[in-house]
Amino acid sequence: MKKKIYLNDWTINSGIIGFLNILKEAGKDIDSMMKENYIEFDTEILETFSQDYFSYFFKKYDVAKRTRKKVIDTYYTTIENAINNMALEPETKEEKEKNKKSQDTIKRLTKYIKETIKTQKDKIKKFNEDSYQVIDEEYSKIKEPKTKEELQELSNILNKIIQEIEKEENNSRITLNYFKNILSSNYFGQPSFMNVVKSSCTIPEQQELMQKDYVSNIIENAFLQEVLEGKHTTNQIQAHIQKTTNITKEIEAIYNNIQKQIERQKSLEEIQKYIKTKMNYCLVCEAKESITENYTESNFIPLAVSSENMANFFWNQKPQVPVCSLCKLMMFCIPAGVTLISKIEKDSNMKYKETELYSFINYDTSVRKLLKTNRSLSDNSKKEKGKINPYVDSILDIIDNKEETARWQLDNVFVVEFETEYLGYSRMQYFHILPNVAKFLTGKYVNILQAISDYHFRLQLTDMMLKNEDTALVINNRLRENFNDAKVKQAFNCYLATKVRFDLSMLKKEGNRMEEEIQKGNKKIYALYNIGQDIRKTLKNKKEENKLDSYVYRMINSIKANNKKEFMDVVIRLHLYMAKDVSPIFLEVMQDGNLDFATIGHSFLSGLISDEYHKEEKVEE
């Protein structure tokens, strides 16, 4: 029987994309399933869906492959390069320092290698003692290589260990537990085969459990709908019931009652009447005749609660939110439809660090385009540290060359990000792509953002830009960090970030002279940067660079506090000391012009705290 499911909210849409990804990986023809705003498939395709589901995640989270990539391709290769770059008989100070740095790298990465292997070794010990003994014996031989001969010996040891991990009986088990833990922690908790008590079951047994809990109801619901449509006689119904196995308790109870009615010579009309009493209305896809169950956290942790334990959250304390089996399966496919991306966030110590969360791009379009966009997001997230961040290329794929069409498309783009820990927390954030951001990304302005050399800083700025958040405070904090850096005095990236912030603010405005105003503003920002550079260079030549310390801190704090008077006081003092005239551009601090206070202050400070940088002209062009 044919089943349809239409594009809906982002949860169902991401599930549809995941469903298609799983079937595509299994070699199924998904092109014929995709219509304009829905997918349609025969329930026969679900007969092996649990195997397809497991195969998809086995390939995605292959532990042996990940271990080889981490240990051999990354750690060992880096150690090899470090040894090859070491001087055999270091004589100069530079050579000794270089050798010391290489030795530290070798020591650190050897430790990482041992930790990575120990993690997998301990897992294998729980179910395969023979393989554990082989790995443990080789593991005990791992030591820091100091010569090329010892490096070759380490290579042989690591390859023996990984070959043991790659054995099917080992890799399949630890990979299964790995992806089950991801599904449980981030998406569903511990229903069905993800329950810890099912860990001792074989892979086929766990696949059968998934087939029963997530797939069988769809197949049986389709059969019951055919019965309601009069497509089967009572004899055919009885034959189907007798041959059907691996079904849920709900379906089993329905079939037992139908079997009793057939034995009592009940008519087909009476059987149909009974079946209708068991059908319900799905609140998600609005299907009117479906076998449903209550929507709880086991369907999708980020957007649900344990409803039976939170009756006071519901009207009249009735926590019934019926969801059909097809919607339940689509939500179970969400992990294959969303993408793991990297973001820069502050930790509890107020330090910026790279974190990972899940994301999905949703917008009003066809199934094919939605699939293409999120595959693009997935592909971009797997690339090496890119020019901007994974969203940008995916969003550019959405934007049409025609301006009116592009603006309509962007108004409908909806990006969701979430991170969850089962029994811990659930955080979710949504944002739209604004027109000025689209203009920035599709125009020449994006080159300024691409020129920022600090990947983490660039990633953070792009994230804030997409969410329409002001970057002034982040730039201010980065200026403070750059000034405190005793080794490198360089804030050119902050100068570029200031230009990005200014261009974005100007692109919000309409008018024929907008481009001209942006060019004028950028020239002023560049002039302020150069003024700061000149003052620093002069003081450095006089060996009076330390005089800047108190001035810089006062200016950074005054920008943060929006204290224009104190900022201008410092600027005037500096210029008087240098016997220079104050540039008229600084007067705009007190005016309500295109250059706001933060832009003027950050531009000047970027030059003031930076040693000479030789890429200004290239970027300016």
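The values are calculated or read from the model by the stated rules, or taken from the named source; none is laboratory data. Worth saying up front: this structure is predicted, and the values here are computed from it rather than measured. With ideal geometry, Cβ positions are generated from the backbone for all residues, glycine too; neighbour counts draw on all protein chains shown. Heads up: the accessible areas ignore ligands, DNA and RNA and are worked out on the full protein's heavy atoms, side chains in. Shrake-Rupley method; radii C 1.70, N 1.55, O 1.52, S 1.80 Å.
For segment 1-78, the Cα-based Rg and Dmax, in that order, read 16.9, 56 Å.
With each label modelled as a point 7 angstrom along the Cα→C-beta vector, the His432-Asp130 pair spans 6.3 nm.
With both labels modelled 7 Å from their Cα along Cα-to-Cβ, the Met1 to Asn37 distance reads 2.5 nm. Solvent exposure of segment 1-45 amounts to 42 Å² per residue of accessible area, where only protein heavy atoms count and the probe is 1.4 Å.
Entry note, segment 61-184: relative contact order of 35 percent, from Cα contacts under 8 Å with a spacing of 6+ residues.
Leaving out ligands, DNA and RNA, what percent of the accessible area of the chain is carbon and sulfur, probe 1.4 Å? Ligands and nucleic acids excluded, carbon and sulfur give 46 percent.
Segment 96-115 and segment 132-194 have their alpha-carbon centroids 22 Å apart. Over all other residues within a Cβ to Cβ distance under 12 Å of Glu205, the charged ones net out to +1, with Lys and Arg as +1 and Asp and Glu as -1. The lysines within cross-link reach of Lys509, meaning a Cα-to-Cα straight distance under 26 Å and a gap of 8 or more places when in the same chain, are Lys402, Lys439, Lys444, Lys467, Lys499, Lys520, Lys523, Lys524, Lys560, Lys564. Sparsely packed loop sites in segment 176-249 (the trypsin sites (Lys or Arg not before Pro) outside DSSP H, G, I, E and B with at most 14 other Cβ atoms within 10 Å) comprise Lys231.
Taking 26 Å as the limit for the C-alpha separation, the pairs Lys69/Lys114; Lys288/Lys318; Lys3/Lys28; Lys249/Lys288; Lys4/Lys212; Lys35/Lys273 exceed it in the case of Lys35/Lys273. With the biggest extent put first, the Cα atoms of segment 465-548 measure 49, 26, 15 Å across the principal axes.
Here is the list for segment 187-231: GluC sites (Glu not before Pro) lying in DSSP coil, each with at most 13 other C-beta atoms within 10 angstrom of its C-beta, are Glu229. Rounded to the nearest 10 degrees, the inclination of helix 492-507 to the longest alpha-carbon principal axis of the chain is 70 degrees.
How large is the helix-only mean residue ellipticity at 222 nm for the chain, computed as the sum of -39500 (n - 2.57) over DSSP H runs with n ≥ 4, divided by its residue count, in deg cm²/dmol to the nearest 500?
Working: 27 runs with 345 residues, N = 621.
My calculation for the chain gives -17500 deg cm²/dmol from helical runs alone.
Listed as lacking a disulfide-compatible partner in the chain: Cys201, Cys285, Cys327, Cys333, Cys494, by the criterion of no other cysteine Cβ under 4.7 Å. Working note: Cα atoms of segment 7-147, range along each principal axis, descending, whole Å: 73, 41, 24. The alpha carbon convex hull volume per residue for segment 186-278 rounds to 113 Å³.
Here the Debye sum runs over all C-alpha atoms of segment 154-196 as equal scatterers in vacuum, and log10 of I(q)/I(0) at q = 0.26 Å⁻¹ comes out as -0.82.
Here the relative contact order of the chain, from alpha carbon pairs under 8 Å that lie six or more residues apart, stands at 12 percent.
Using unit Cβ charges (K, R positive; D, E negative) and no other charged atoms, how large, in debye to the nearest 20, is the dipole of the chain about its Cα centre?
Computed charge dipole of the chain: roughly 1160 debye.
On a per residue basis, the convex hull of the C-alpha atoms belonging to segment 83-205 measures out at 119 Å³. Placing unit charges on the Cβ atoms of the charged side chains and taking the dipole of the chain about its Cα centre, the candidate lying farthest along the positive direction among Asn299, Gln519, Asn171 is Gln519.
Applying the criteria of a DSSP loop state and at most 14 other Cβ atoms within 10 Å to the GluC sites (Glu not before Pro) of segment 408-487 yields Glu469. Largest first and in whole Å, the equivalent-ellipsoid semi-axes of segment 135-225 read 43, 13, 11, each the square root of five times a Cα gyration tensor eigenvalue.
Treating each Cα of the chain as one equal point scatterer and applying the Debye formula with no solvent, the log10 of I(q)/I(0) at q = 0.05 Å⁻¹ comes out as -0.34. Taken over segment 482-528, the alpha-carbon convex hull comes to 60 cubic angstrom per residue. Between Phe41, Val582, Asn84, the Cα set farthest toward the positive side of the dipole of the chain (charges on each charged residue's Cβ, about the Cα centre) is that of Val582. Just so you know, the Cα atoms of segment 448-607 work out to an Rg and Dmax of 15.4, 49 Å. Annotation: amide H of Asn362 within the under-5 Å range of Phe414, Val415, Val416, sequence separation 5 or more or interchain, hydrogens built in the peptide plane. Taking every Cα-Cα distance in segment 414-527 and sorting them into 10 Å bins from zero, the calculated P(r) comes out as 12, 39, 30, 15, 4, 1 percent. Evaluating kT/(6 pi eta Rh) at 4 °C and 1.567 mPa s, with the Kirkwood radius of segment 124-168 over Cα pairs in the Stokes-Einstein relation, gives 116 µm² s⁻¹.
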